[in-house]
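Input: a single structure, listed below in structure tokens.
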Amino acid sequence: MSGGRVLVVGLGSPDRGDDAVGAAVAERLAVFGWDGVDVVAREDPTQLVQLWEGHGAALVIDAVMSGRPPGTLHIREVGDSGEPLPTSAFAAAGRGGSHAFGLAGAVELARTLGTLPTHVTVVGVEAKTFDFGPMSPEIQEGLDAAVATAAAELIALREEVQSCA
Amino acid sequence: MTHQLKDGGQVMHLGMLARVEGEGGMHIEFENGHVKEVKLNIFEPPRFYEGFLRGRKFTEPPDITARICGICPVAYQSASTEAMETICGARTTNAIQEMRRLLYCGEWIESHALHIFMLHAPDFLGYESVLEMAKDLPEVVQMALRLKKAGNDLMTAVGGRAIHPVNVKVGGFYRMPTVAELQRLRPALAQGRDDALAAVDLVAGFDFPDFEQDYTYVALRGDRYPLERGSHVVTTTGLRFPIAEIPDHIREFHVEHSNALHAHFDGEPYFVGPLARYTLNFDQLSPATQEAALRAGLTEECRNPFKSIIVRTVELAYAFEEALRIIDGWHDGHAPSVPVAPRPGEGIGASEAPRGLIWHRYVIDADGIITDAQIVPPTSQNQASIEADLRKAAEQWTDLDDHMLTHRCEEAIRNYDPCISCATHFLDLRVTRS
């Protein structure tokens, strides 16, 4: 049982420009060798619904596009105790992931099926481009800040889980 | 959104389709109670793949074209590798073909499981989306996620990644998976086969409208049910011709309201996809999947696009069966690839993507540099059939209120599981400067 563990997921396609930032941040976090933490990278958000089942908490790092300057960091608590996400916007825009099923859909489906961890934090990194190719210079330059923010959130989640254990 | 026209006509316009991949809309215009005009609007921007393949090496299309779609990358890889091997006169081994088929099974499982249960089933069960459906039918959604995961794991084991596999190359694979790696997948695949066969009965219980369409079906045909390749193309009009002759029959053309090229077969609209594949290859399904299809009320020919959900579920079960067959017969020690040396020429490669026939045509020079490329995915080819279905749906259900009619028309589009990202991979771009 992994109830006392924290899952870290770097979400996104490594080929699609700044969409690679999730996996890049997760990879850097993994280097620290955290106790009680599993770090993975995934491209398909639907996998989250099963992947995080049984974990006490999860940290998801993903690229977002909201019109803010590239590299802007967004932090959102979406765990089982939080408010539902506006999934209709993701579906309507067709930008949420493969076949209009994105992170918001995965979170809400997991909430319905009872697999959503109590604590889930999403660190969103404002992207500049999802075109094929490497990450944009702005995102690469901001990678250290994204890793530091994600690490701080991970420490908080780990403490949360351990205090409940 | 619907509004009255001054002449008493009416326009129904839906700006953004839900539960499809990519960005598209539809436009239906009525006049005196009859449908005057129907358009499937595909406004997702074109992506110019064929343009930037020119000048690249003949070994690059499997990796480049796989990026066109996150749902059916293997279809692109199979068609492009076959085209290049045909041009270069390379003969792959049976083991390489079996491994390609296994990888293709993973793609069918991922794609069909997603569409059947997460995108299409809510239409028949009266839910706005799978999120609402999961509240009442959690066990069905959990099963769907299990099935999809089995496909993801198969793609990862054979292709190296669950999306956009990286293990495929012209001539075969970079590395063959081992018996031990494949056998680890077996329990989930066996469960998947049983679940998919049971799911055929589940979807057969949905209500289906009377909606028969007399399209020309076009699909691959070979020595077994077509996935990764076929030896010929066959049609319900009785034609049978080699893959190399596809461009003699299929012509692409541009229409103003779509960023995806339309296509005609011998000058007429046609239909590719699960219904065509099933109708033209029913005899090559396994006994268990044939039995499941007949038990579900299908005959050997299926003409109702709303029943594509049953056919997809039959094919899902077949993909699990095929995956198990290949894994159980696999031995270690097969060479992962054969050498392929470039030689100048033109060639076609074709496979059956989850959404239907996909074909690629390439021309390469003596150095193996691509001088021309053409990629024709299923959703492009089906646009005319989708519009014909929309016209029939709008005529047949004119009495429904706007909301219900819009919903019905959206369902008619989702019957095709359209992949708009695939369809907009290309548009001829002309810039005029004065």
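The values are calculated or read from the model by the stated rules, or taken from the named source; none is laboratory data. Computed from a predicted model, the values in this text were never measured in an experiment. Because the Cβ atoms are built from the backbone with ideal geometry, glycine has one as well, and the counts that use them run over all protein chains shown.
Being free of Cβ contacts under 8 Å to residues at least 40 places away in the same chain and within 22 Å of B:I413 (Cα to Cα) is the filter here; which residues of segment B:120-143 pass it? Those that are free of Cβ contacts under 8 Å to residues at least 40 places away in the same chain and within 22 Å of B:I413 (Cα to Cα): B:G126, B:Y127, B:E128, B:V130, B:L131, B:E132, B:M133.
For segment B:343-401, the set of residues classified as of a type in the set (F, W, Y) and part of a strand (DSSP E or B) consists of B:W359, B:Y362, listed by residue number.
The helices (runs of 4 or more DSSP H) found entirely in segment B:23-107 that carry 3 or more residues being in the same structural domain as B:P377 (by TED's automatic domain parsing) and modelled with pLDDT of 95 or more are B:73-88. Specify which of the listed residues (A:D144, A:D131) is assigned to a loop (DSSP other than H, G, I, E, B), among the charged types (D, E, K, R) and surrounded by fewer than 21 Cβ atoms within 10 Å (Cβ to Cβ). The unique qualifying residue is A:D131.
Hey, does segment B:93-111 have a residue that's touching a residue at least 12 places away in the same chain (Cβ under 8 Å), buried (at least 21 other Cβ atoms within 10 Å of the Cβ), over 17 Å from the mean Cα position of the chain (by Cα) and within 14 Å of chain A (Cβ to nearest Cβ)? Taking every residue of segment B:93-111 in turn, none turns out to be touching a residue at least 12 places away in the same chain (Cβ under 8 Å), buried (at least 21 other Cβ atoms within 10 Å of the Cβ), over 17 Å from the mean Cα position of the chain (by Cα) and within 14 Å of chain A (Cβ to nearest Cβ).
From the list B:G230, B:G192, B:G238, B:G172, the one residue that fits, being crowded, with 18+ Cβ neighbours inside 10 Å, modelled with pLDDT of 95 or more, on the phi > 0 side of the Ramachandran plot and not aromatic (F, W, Y), is B:G172.
Are any residues in segment B:247-261 surrounded by 20 or more Cβ atoms within 10 Å (Cβ to Cβ) and under 21 Å from B:L275 (Cβ atoms), and if so, which ones? Once the filter is applied, which keeps residues that are surrounded by 20 or more Cβ atoms within 10 Å (Cβ to Cβ) and under 21 Å from B:L275 (Cβ atoms), segment B:247-261 yields only B:A260. Considering every residue within segment A:126-137, establish whether at least one is within 19 Å of A:A57 (Cβ to Cβ), of a type outside the set (D, E, K, R) and under 15 Å from the mean Cα position of the chain (by Cα). The answer is no, given that none of the residues of segment A:126-137 is within 19 Å of A:A57 (Cβ to Cβ), of a type outside the set (D, E, K, R) and under 15 Å from the mean Cα position of the chain (by Cα). Here B:I327 meets each of (1) in contact with a Leu (Cβ under 7 Å, 6 or more places away or on another chain); (2) within 28 Å of B:C419 (Cα to Cα); (3) not polar (S, T, N, Q) with one exception, condition (2). Going by the conditions given, is A:E43 in contact with a strand residue (DSSP E or B) (Cβ under 9 Å, 6 or more places away or on another chain) and either surrounded by 23 or more Cβ atoms within 10 Å (Cβ to Cβ) or among the hydrophobic types (A, V, I, L, M, F, W, C) (or both)? Criteria met by A:E43.
How many residues does segment B:118-152 hold that are among the acidic types (D, E) and at pLDDT below 95? Number satisfying all stated conditions: 3. Does B:E256 satisfy being part of a loop (DSSP other than H, G, I, E, B) and assigned by TED's automatic domain parsing to the domain that holds B:D214? In short, yes.
Scanning segment B:29-74 for residues that are among the small types (G, A, S) and touching a helix residue (DSSP H, G or I) at 6+ places or on another chain (Cβ under 7 Å) yields B:A66, B:G70. When segment B:268-320 is filtered for residues that are polar (S, T, N, Q), over 20 Å from B:D223 (Cα atoms) and without any contact (Cβ under 8 Å) to a residue 24 or more places away in the chain, only B:T299 remains.
Restricting segment A:80-122 to residues that are at pLDDT below 60, part of a loop (DSSP other than H, G, I, E, B) and within 10 Å of chain B (Cβ to nearest Cβ), which is nearest to B:C72 (Cα to Cα)? Only one residue tops the list, namely A:G97. With the structure loaded, tell me whether B:L147 is buried (at least 24 other Cβ atoms within 10 Å of the Cβ) and either within 14 Å of chain A (Cβ to nearest Cβ) or of a type outside the set (A, V, I, L, M, F, W, C) (or both) or whether it fails that test. Answer is yes for this residue. Considering only residues in segment A:46-76 that are outside any helix (DSSP H, G or I) and either within 10 Å of chain B (Cβ to nearest Cβ) or touching a Ser or Thr at 6+ places or on another chain (Cβ under 6 Å) (or both), the one that is surrounded by the most Cβ atoms within 10 Å (Cβ to Cβ) turns out to be A:L59. If the condition is being over 19 Å from B:P354 (Cα atoms), not acidic (D, E) and not in a loop (DSSP other than H, G, I, E, B), then segment B:266-301 contributes B:P287, B:A288, B:A292, B:L294, B:R295. In segment B:112-144, the qualifying residues are those that are within 16 Å of B:Y318 (Cβ to Cβ) and within 10 Å of chain A (Cβ to nearest Cβ), and the one that is farthest from the chain's Cα centre (by Cα) is B:A113.
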